[in-house]
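Asker: Below you will find the structure I want to go over with you.
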Amino acid sequence: MTEAPTPKTPQPPWPLIARALGVRGDHAGALAAWRKQAIEVPSDAAAWTVIALTLADRAQAEAALLPAGAVAALRPDLSESHGQLGAIRALAGRRSMALTAFRRALTLTPGDARTRSRFGHVLADGGDLDLPYVQLNRALALDAGDALAWRWVAQRRTDMLDFDGAERSLKRGIAAAPSHPLLLAPLAELRRDQGEITPALRLYDRIVAIEPSIRNERACLLALLYEPEANEAMRFSRHLAYARRYAPERPRPPRRPVTGSRIHVAYLSSGFFDHPTAAVTVRLIEAHNRQGFEVSLFAHVQNPDAMSRRLEAASDHWVDVRGWPHERIAEAIRAAGVDILVVLAGRYDPIAWPVAALRPAAVQIAFHDTATAGMTAIDHLVTDAILSPRQAPERAVERYLRLPSFPMHELPSDVPVVAPLPALGRGYVTFGSLNNSAKLNDRVLSLWARCLAAVPGSRLLLKAPMLASRRMRERIGARFAEAGVAHDRLELISGYLNSHRDLLSLYDRFDIGLDTFPYSGGMTTFEAMCQGVPVVTLADRFMVGRWGATLAIHAGHPDLVAATEDEFVAIACRLVGDLPALAGRRARLRQDFLSSPLCDARLKARHLERAYRRMMRGP
């Protein structure tokens, strides 16, 4: 008698389970179900496709390579599978392999506009601008509504400092696809960087209404700091709204008793390379007392460099979190037993706020930020009594941690010598600024124009890449013309210089620096002063507008700080009125800064360490 075959155990319907979990919002569970389907049915190209696209959307391009390759192998004659593989290879930095996949896709479907535009973009990353334009323009000939192609054409024109051409491309794309964030976002950035903040904010609000996301709303909050007409109620409510959407309150992990043991402090940043964030923190990290503190650096750095290696050497633990999702970074911080998480320059960093919102540490601190984050997950905001006076109107969800002095700077190693005062040899005074062009709003330009009008024969030198924009140059010229200042008294320099040393050498041509508001200079002001250029600054209403004030006061030059616009002009005139005194100040400014608390890393580390110990004892 023949035995009946053993019935096969039915396999769970993984695709149905995955879709159900996705509908419930359990995206991690859905991905796990699709992976089980792909393991049990390796020929299921649809499962591999979902896995590849999900991982790519989570910025895990390396992990997405295998499933994307499986799709292309299972569907070798489908153009879309090779286009998808090319896109993921490009995200993972595999440029030559991406081009191979795109070429295969275009061989199968030459009229695929989306693949052709991606092909052009990856070609352009190689530095050749002519061939990519051919491909991108062919893509646009196939589909004039291809938002991605218009964006990439605009980006290439931006790279060549053709900002007016970039704007034309974006507007042509918007005419074909009026509500596409891929086109609205770079136009908003363009307006912001041209100093036209109100139009930029209108665009950002439109983008957020179309596509609410952490990235889009963070860009809007950053632009808001540049808006001279913004009031405190508006600023604070917008930050609170962001926190409600993306940083709901979570339970605080318990503080551990640290008596007799080292406190584990972790610093989180995407700026641990040759970047302003590293420049203002590296000496602090090197100065930490290792007997009392264990220091970890969670580094989201795409291309580590010499500064990265210096920081790694200064820490107890360097944790490379490139490509990690926010949840994995937060879990790694928890697993490491971190007591205090220090989020560096959070609003400027793509990972800092999302990771902090997951509450991985018992104590969380915002350091080198310029306003509240609006979220309860961050306990303290580091500042000082000048940046955040107790009577100031600015509010914060975090508790202010007011250090005796806050900014921490390091003079670049290749800094040029301080040049003599130019006015003594030229016979006229040169005002100047190397600040970010986004800070050059109409109110700033009008105040600077008053300074030039009050000092006959004086000139103004500005340097910023965006000054290649005809639109911006015309706006600057118009504001100065309104004050009776002729265009030939303005020197507007665009383009890029060969090195940071070359940029610093421009200060040889400045007699007096003029600061911006409501977003004042920080590193730019420090470098100007260290090159002997006194910077006249307006102590504005908010923390972001008081960096120049705290720098000048802590370096022993409080007479450079104005409380009103009229006083700003008066200070500029007073400095011009005594050129020998101005020359003497120029000769001693660098040493005044270097010998001030601003550059005393050991002192700053001790101040912070005392604060860290207090925080570990309780609120």
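The values are calculated or read from the model by the stated rules, or taken from the named source; none is laboratory data. All of these numbers come straight from a predicted model, not from anything done at the bench. Here the Cβ positions follow ideal geometry from the backbone for every residue, glycine too, while neighbour counts run over all protein chains shown. Note: accessible area is taken over every heavy atom of the protein model, side chains too, but ligands, DNA and RNA are not part of it. Shrake-Rupley method; radii C 1.70, N 1.55, O 1.52, S 1.80 Å.
Asker: What FRET efficiency do you get for His500 and Ser261 if R0 is 41 Å and r is their Cβ-Cβ distance, rounded to the nearest 0.05? Walk me through the numbers on the way to the answer.
Answerer: Working: r = 41 Å, r/R0 = 1.01.
According to the calculation, E is roughly 0.50.
Asker: Can you give the convex hull volume per residue for the Cα atoms of segment 16-61, as a whole number of Å³? Kindly include the intermediate steps, with their values, before the conclusion.
Answerer: Working: hull volume 3.0 nm³, N = 46.
Per residue, the Cα convex hull of segment 16-61 comes to 66 Å³.
Asker: Hey, what's the per residue convex hull volume over the C-alpha atoms of segment 327-476, in cubic angstrom? Kindly include the intermediate steps, with their values, before the conclusion.
Answerer: On the way: hull volume 31.4 nm³, N = 150.
Looking at segment 327-476, the number lands at 209 Å³ per residue.
Asker: With every protein chain present, what accessible area does Thr376 have (1.4 Å probe, heavy atoms only), rounded to the nearest 10 Å²?
Answerer: Here the residue's solvent-accessible area equals roughly 70 Å².
Asker: Gain in length, Asp508 to Ala587, computed as 0.36 nm per residue apart minus the alpha-carbon separation, to one decimal in nm? Working shown, then result.
Answerer: Details: separation 79, 0.36 × 79 = 28.44 nm, distance 1.22 nm.
The Asp508-Ala587 span can extend by a further 27.2 nm.
Asker: Just the number, please: Stokes-Einstein D of segment 442-488 in µm²/s, Kirkwood Rh from C-alpha pairs, 10 °C, 1.306 mPa s. Don't skip to the end; give the middle numbers.
Answerer: Values: Rh = 10.9 Å.
Approximately 145 µm²/s, per Stokes-Einstein.
Asker: Using 7 Å Cα-to-Cβ label points, what is the Ala176/Glu211 separation (nm, one decimal)?
Answerer: Each label point is offset 7 Å from its Cα along the Cβ direction, giving 1.7 nm.
Asker: Out of segment 245-338, which trypsin sites (Lys or Arg not before Pro) are coil in DSSP terms and have no more than 16 other C-beta atoms within 10 Å? Write down the numbers at each step before the final one.
Answerer: Working: sites: Arg245, Arg255, Arg262, Arg283, Arg290, Arg309, Arg310, Arg322, Arg328, Arg334; in loops: Arg255, Arg262, Arg290, Arg322.
Those that pass, being in a loop and sparsely packed, are Arg255, Arg262, Arg290, Arg322.
Asker: By how many degrees, between 0 and 90 and to the nearest 10, does the Cα long axis of helix 214-225 differ from the longest principal axis of the chain?
Answerer: Once rounded, one gets 10 degrees.
Asker: Quick one: angle between helix 232-246 and the longest Cα principal axis of the chain, in degrees between 0 and 90, rounded to 10, please.
Answerer: For helix 232-246, the angle is close to 20 degrees.
Asker: Test of understanding: what is the full-extension gain from Arg471 to Asp488, defined as 0.36 nm times their sequence separation minus their Cα-Cα distance?
Answerer: Values: separation 17, 0.36 × 17 = 6.12 nm, distance 1.75 nm.
Once the chain is fully extended between Arg471 and Asp488, it gains 4.4 nm.
Asker: Return the distance in nm (one decimal) between the two label points of a simple spin-label model at Arg390 and Arg602, each offset 7 Å from Cα along Cα→Cβ.
Answerer: Distance between the two pseudo-spin positions: 3.2 nm.
Asker: Sticking with this one: Would you mind checking the radius of gyration and Dmax of segment 408-525 based on alpha-carbon positions, in Å?
Answerer: 14.3, 42
Asker: Express the relative contact order of the chain as a whole percentage, based on alpha carbon pairs under 8 Å and six or more residues apart in sequence. The partial results should precede the final answer.
Answerer: Numbers: 1086 pairs, mean separation 62.3, N = 619.
Relative contact order of the chain: 10 percent.
Asker: OK, next. Which value, in Å to one decimal place, does the Kirkwood hydrodynamic radius take for segment 356-410 when every pair of different Cα atoms is included?
Answerer: Values: mean 1/r = 0.0845 Å⁻¹.
Roughly 11.8 Å, rounded to one decimal.
Asker: Mind giving me the FRET efficiency for Glu286 and Asp159? R0 is 45 Å, r the Cβ-Cβ distance, nearest 0.05 is fine.
Answerer: Working: r = 36 Å, r/R0 = 0.79.
With a Förster radius of 45 Å, E is 0.80.
Asker: With all distinct Cα pairs included, what does the Kirkwood hydrodynamic radius of segment 277-337 come out to in Å, to one decimal, could you say? Write out the running numbers ahead of the final one.
Answerer: Details: mean 1/r = 0.0804 Å⁻¹.
For segment 277-337, inverting the mean 1/r across all distinct Cα pairs yields 12.4 Å.
Asker: Tell me, what is a quarter of the convex hull surface for the C-alpha atoms of segment 367-452, in nm² with one decimal?
Answerer: Values: hull surface 37.9 nm².
Answer in nm², one decimal: 9.5.
Asker: As I understand it, the value is the acute angle between the Cα axis of helix 579-594 and the longest principal axis of the Cα atoms of the chain; what does it come to in degrees, rounded to 10?
Answerer: 40
Asker: Using the Kirkwood radius built from alpha carbon pairs, what does the Stokes-Einstein equation give as D for segment 486-548 at 25 °C and 0.890 mPa s, in µm² per second?
Answerer: Details: Rh = 12.9 Å.
In µm²/s, the coefficient is 190.
Asker: Continuing with this model, one more query. For the chain, max minus min Cα coordinate along each principal axis, in Å, sorted largest first?
Answerer: Result, largest extent first: 115, 68, 43 Å.
Asker: Taking 2.2 N^0.38 Å as the expected size of a compact globular protein, what ratio does the Cα radius of gyration of segment 43-123 give against it, to two decimals?
Answerer: On the way: Rg = 11.4 Å, N = 81, 2.2 N^0.38 = 11.7 Å.
Taking N as the residue count of segment 43-123, the ratio is 0.97.
Asker: Give the Kirkwood hydrodynamic radius (Å, one decimal) of segment 205-299, defined as one over the mean of 1/r across all pairs of different Cα atoms. Display every interim value, and only then the final one.
Answerer: Details: mean 1/r = 0.0587 Å⁻¹.
Evaluated over segment 205-299, this radius sits at 17.0 Å.
Asker: In nm², what is the average projected area of the convex hull enclosing the Cα atoms of segment 510-619?
Answerer: Working: hull surface 30.9 nm².
Quarter of the Cα hull surface area: 7.7 nm².
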